[in-house]
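The next block holds one structure in the form of structure tokens; read it before the comments.
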Amino acid sequence: MASGILIYAEVTKSGYIHPVFFTLAAKAQELSAKLGGAEVSALIITSPGKTEFFKEGFEKCGFDKVYAVEDLRLAQYNTELYAKAAVDIIKEIQSEIFLIGATTQGRDLAPRISSSIPTGLTADCIELDINDKGQLAATRPTFGGKLMATILCKKYPQMATVRPGVFKPLEQDVVKNTEIIYKTPDLNITPKVELLEFIKGVEEEINDLDSAEIIVAGGKGMKNSDGFKLLKEFAKVLGGAVGASRGAVDMGLADHSIQIGQTGKTVSPKLYIACGISGAIQHIVGMDASKRIIAINIDENAPIFDVADIGYVGDAFEVIPEIIDKLSRK
Ligand SMILES: Cc1cc2nc3c(=O)[nH]c(=O)nc-3n(C[C@H](O)[C@H](O)[C@H](O)COP(=O)(O)OP(=O)(O)OC[C@H]3O[C@@H](n4cnc5c(N)ncnc54)[C@H](O)[C@@H]3O)c2cc1C
């Protein structure tokens, strides 16, 4: 009989645990209570000696157990090796629910795991709950974001990937005496893909949308590369990061890695400034959890104003330089 909730603790290339894990940890406490106090565990796959380094974090987030797979071959993410390790552990411990952050790595790893087990996977969820039959009810946007679908999984573990930024981390520590259990799954497979070198884009390095407290996002209304240059300058004086709508990405003004919305990132900064973005539902689902939203748009009827706390009707190319000028002088 499957039981307990397992959460994947993704160790990022920079060597920390991805923030989405801590939001899932908070949600898991809620789900666990609805399941009558189900055990909450983490799965970490990493290089030797790393797990102990994160122990305090696991303890403060209410984890009963941490299953750790440490091996030199796992120092860099590899789909096949990571999936093999995860599948072996999941089969052994028989979790009822397995949650993974819908990060680039999570989106790559989760389907590989679910098809190997095999079990169902609800991808890119924005809400999780337990229904009256004790099943995981995973909600995600569908039909281009026009409908929300709540999906149940018939097999175990019930798997879901969850977008970063949709849940909040624990407000107060839930301290547990976490037990770390080291596992040594058989990793004697020859992966078809070998990572030779990872070259991080300069943009990605300095423009971390997951952790930015202020995001200045641009849409088609920013028109050209000069428009995005202006946004970068704006973000710089505010100490924020730059995001984009799909409209802007499709025009080649911004890279897909900074697209916000249904098919991009979900963000929840303290301040989101939407410049020349109309406010299509597919964009809104990726940013409406932001604490404060300011919209700058030339069209007073643009739907973005429906979700904005402050709206400025006007030309972004006129107002942004004015704000930059005022902020710079301060
Ligand atoms: C399956 C699916 C998934 C999608 N996923 C995403 C997603 O992840 N993210 C996303 O963003 N979209 C997504 N879309 C696309 C979405 O439907 C919209 O087409 C897109 O968000 C529009 O981008 P935009 O607001 O930049 O462009 P537009 O809708 O063209 O809006 C441009 C805005 O700029 C304003 N403007 C023009 N000039 C100025 C100026 N000088 N100053 C100020 N304002 C000005 C205009 O008034 C207008 O409101 C998806 C669509 C589908 C079907």
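Values in this text are rule-based calculations from the coordinates and carry no lab data. These numbers were taken from a predicted model, which means no experiment stands behind them. Backbone-built Cβ (ideal geometry, glycine too); neighbour counts: all protein chains shown.
Brief remarks follow.
- For the range 1-81, the Stokes-Einstein estimate of translational diffusion at 10 °C and a viscosity of 1.306 mPa s comes to 120 µm²/s, using the Kirkwood hydrodynamic radius over alpha-carbon pairs.
- Using θ = phi - 60° and Karplus 6.51 cos²θ - 1.76 cosθ + 1.60, couplings along the range 244-250 (whole Hz; Gly, Pro as x): 8, 7, 5, x, 5, 5, 5
- 10 Å-binned pair-distance histogram of the range 202-329 (Cα, whole percent): 15, 52, 31, 2
- For residue 149, net neighbour charge (Lys/Arg +1, Asp/Glu -1) across residues whose Cβ lies under 12 Å away: 0
- Full extension of the chain between residue 133 and residue 91 gives 12.8 nm of extra length, using 0.36 nm per residue less the Cα-Cα distance.
- Label-point separation in nm, residue 229 to residue 2, each point 7 Å along Cα→Cβ: 5.4
- For the range 12-53, the share of alpha carbon pairs falling in successive 5 Å distance bins from zero is 6, 18, 25, 20, 15, 11, 6, 0 percent.
- Highest-first arrangement of 281-290, 163-172, where packing means the average Cβ count within 10 Å: 281-290, 163-172
- Label-point separation, residue 281 to residue 56 (7 Å along Cα→Cβ), nm: 4.6
- Full extension of the segment from residue 29 to residue 150, taken as 0.36 nm per residue of separation minus the current Cα-Cα distance, would add 41.5 nm.
- Computed about the Cα centre, the dipole magnitude for the chain is approximately 320 debye when only Lys and Arg (+1) and Asp and Glu (-1) carry charge, each at its Cβ.
- Estimated FRET transfer efficiency when R0 is 35 angstrom, pair residue 47-residue 288 (beta carbons, to 0.05): 0.40
- Sequence-distant aspartates and glutamates (8 or more away, or on other chains) whose Cα lies within less than 18 Å of residue 192: 80, 108
- Backbone N under 14 Å from the residue 176 label point (7 Å along Cα→Cβ), restricted to the range 1-28: 3-9, 22, 24-28
- Entry for the range 35-141 at q = 0.13, 0.19 Å⁻¹: log10 I(q)/I(0) = -0.53, -1.16, Debye formula applied to identical alpha-carbon scatterers, no solvent contribution.
- In Hz, Karplus ³J(HN,Hα) per residue of the range 322-330 (6.51, -1.76, 1.60; θ = phi - 60°; x = Gly, Pro): 5, 5, 4, 4, 5, 5, 5, 5, 5
- Farthest towards the positive end of the charge dipole of the range 70-168, among the residues 126, 141, 156, is the Cα of 141, using unit charges on the Cβ of Lys, Arg, Asp and Glu.
- Fully extended contour minus Cα-Cα distance, from residue 142 to residue 192, at 0.36 nm per residue: 14.7 nm
- Normalised radius of gyration (Cα atoms, divided by 2.2 N^0.38 Å) for the range 5-183: 0.96.
- In order through the range 136-143: 3J(HN,Hα) via Karplus (6.51 cos²θ - 1.76 cosθ + 1.60), integer Hz, x for Gly, Pro: 6, 9, 9, 10, 9, x, 9, 6
- Selected from 212, 263, 231, residue furthest toward positive end of dipole (the range 202-329; charges at beta carbon): 212
- Expected-Rg normalisation [2.2 N^0.38 Å, Cα atoms] applied to the chain: 1.06
- Burial ranking of peptide ranges 82-93, 228-239 (average Cβ count within 10 Å, highest at the top): 82-93, 228-239
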